[in-house]
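Here's the structure we're looking at; comments come further down.
The values are calculated or read from the model by the stated rules, or taken from the named source; none is laboratory data. Nothing here was measured: the structure is a model prediction, and the numbers come from that model. Backbone-built Cβ (ideal geometry, glycine too); neighbour counts: all protein chains shown. Just so you know, the surface numbers come from the protein's heavy atoms only, side chains and all, with ligands and any DNA or RNA stripped out. Shrake-Rupley method; radii C 1.70, N 1.55, O 1.52, S 1.80 Å.
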Amino acid sequence: MRAHVLTYGCQMNEYDTHTIQSELVSGGHQMVDHPNDANLIILNTCAVRGKPVEKVISVLGEFRKDKRNGRDLTVALMGCLAQLEEGQDIADKFGVDILLGPGAITDILPAVDAIEAGKEHFRSLEFKSDLETYITPAPDSLTGFLTIMRGCNHHCTYCIVPTTRGPEVSRPVDVIMQEAEAMQKAGIQEIYLLGQNVNSYGLGEAHLPSFAELLKEVASTGIPRVKFTTSHPMNFTSDIIDAIAETPNICNFIHLPVQSGSDRVLKRMAREYGRERYLNIIREIREKVDDVVISTDIIVGFPGETEEDFEMTMSLYEEVAYEHAYMFIYSARPGTPSYKHFDDMPKTVKTERLQRLIERQKELSYRANNRYVGRDLRVLVKEMAQKGDYVMGHSDQNHTVLVPKEQISRMGLYDVRIESATPHTLYGTVKGFKSSSIPLMMV
Ligand code: SF4
């Protein structure tokens, strides 16, 4: 088959897409760059909020029309939405041929074989424990994504992930290290360790290292930049902070979702920590890790959130002085405890609060970014910027950095002198080219 994958949602889905592509190619199928050239289209879906689900529905509508107009097309639905009843109903409605849950992605070859053999549908929704499958590095890339575990044992009331990805399962350390070493040999400059809650890697498994030990082991491959996402404050322990502080190529960038600054709301979210415990972790990070950049996730307008609760979120935001944040309005998702037990609040109230937070975040980010003017940052350049005269890269701490395109001939790591800043971007000029082997495609 000529296959194409459309990926929605988080970096874990990016990794799963890469896994599926590797499986298909190893099974003799061909990956094509454009959906129009494909006769097998796979939608790797996200179910965390309503919007990505709406997108998938509209795309499936197009493919159903194509099939009705005689196009030879097999459609597969995978990812978090596939695991939910909602996703299975959608699959029935749009005549999806293959349905694979996040725990069964390695069933893609038997699924395609079954359809090619004339079977009408193929479904696999079990949580397989085949996390030892070795995945080769993605070709021609400078950033490598490496999933170290699947699932989550926390039960935040707004979250569908424990239902769609199941309980935490840590991948074998030797397979992780095999993939990391292969990435290092392939010239990867930056590696992301991925999981819904990477901090609990190996928890309760005597034969596995702790997350802090795994971080250091991956760093020992010599890959210039090691990063990880996503973390949970309940498992963000001092040994992790020490590993970051002591190991030069573990980047001083930490994404630590807080979701709310109000103890009352945190309780309703079942986040298991309170405001003070969270702030203590932040204080320890700022104390131990030089020049650290901290980002977070915040949900605004969670059911029952009062104006006072929201003010608690704003004041926590001030106290931490995040350099960056992903901010969302609460989205009621079927199948979650909050959807079942709590009444949603008017969208106008949620969006008004979100707007206030975004305005404050812009001011704080602008102040934080201006601290880098006149300084040198190590920047990984990977692509052309929207603004045609620039190429875009990211610093060790995940700042978006734009440099004039005439200064860059190859993708790779550069030393960049920062000359100006906006709330979301730093501008600079190249001081010295550091390393890479991939020429930059000038458009
Ligand atoms: S920690 Fe909470 S929000 Fe994150 S994946 Fe687990 S249940 Fe969902």
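Quick notes on this one:
- For region 2-126, size of Cβ-based charge dipole, Lys and Arg +1, Asp and Glu -1, in debye: 400 debye
- Dipole axis of region 130-370 (+1 Lys, Arg; -1 Asp, Glu on Cβ), positive-most option in F342, G204, T163: F342
- For region 52-115 and region 6-39, distance of Cα centres in Å: 14 Å
- Taking a sphere under 15 Å around the Cβ of K119 and counting the other residues whose Cβ falls inside, with K and R at +1 and D and E at -1, yields a net charge of -4.
- Near N36: Cβ cut-off under 13 Å, other residues only, Lys/Arg at +1 and Asp/Glu at -1. The net charge is -3.
- Region 130-370 - percent of accessible surface contributed by carbon and sulfur, probe 1.4 Å: 54 percent
- Percent of beta bridges antiparallel (DSSP, the chain, rounded to nearest 5): 40 percent
- Rounded to whole Hz, the Karplus (6.51, -1.76, 1.60) HN-Hα couplings of region 164-171, x for glycine and proline: 7, 10, x, x, 5, 10, 8, 6
- When only the Cβ of Lys, Arg, Asp and Glu is charged (+1, +1, -1, -1), the dipole of region 211-322 relative to its Cα centre reaches about 300 debye.
- Flagged links, alpha-carbon separation over 23 Å, of K51/K267; K51/K93; K216/K405; K51/K347; K51/K405; K93/K119: K51/K267; K216/K405; K51/K405
- Charge dipole of region 164-249 (Cα centre as origin; +1 on each Lys and Arg Cβ, -1 on each Asp and Glu Cβ, all else neutral): 280 debye, rounded to the nearest 20.
- Dipole axis of the chain (+1 Lys, Arg; -1 Asp, Glu on Cβ), positive-most option in V75, H29, H424: H424
- Cα gyration tensor category, rounded, prolate or oblate, for region 2-126 with a/c compared to 1.5: rounded
- Inter-label distance, E319 to K93: 4.4 nm, where each label sits 7 Å from its Cα along the C-beta direction.
- Cα shape, region 376-430, gyration tensor, a/c 1.5 rule: rounded
- Other residues with beta-carbon under 13 Å from the beta-carbon of T237 carry, at +1 per Lys or Arg and -1 per Asp or Glu, a net charge of -2.
- Estimated purely from DSSP H runs of n ≥ 4, each contributing -39500 (n - 2.57), the mean residue ellipticity at 222 nm for the chain is -11000 deg cm²/dmol once divided by its residues.
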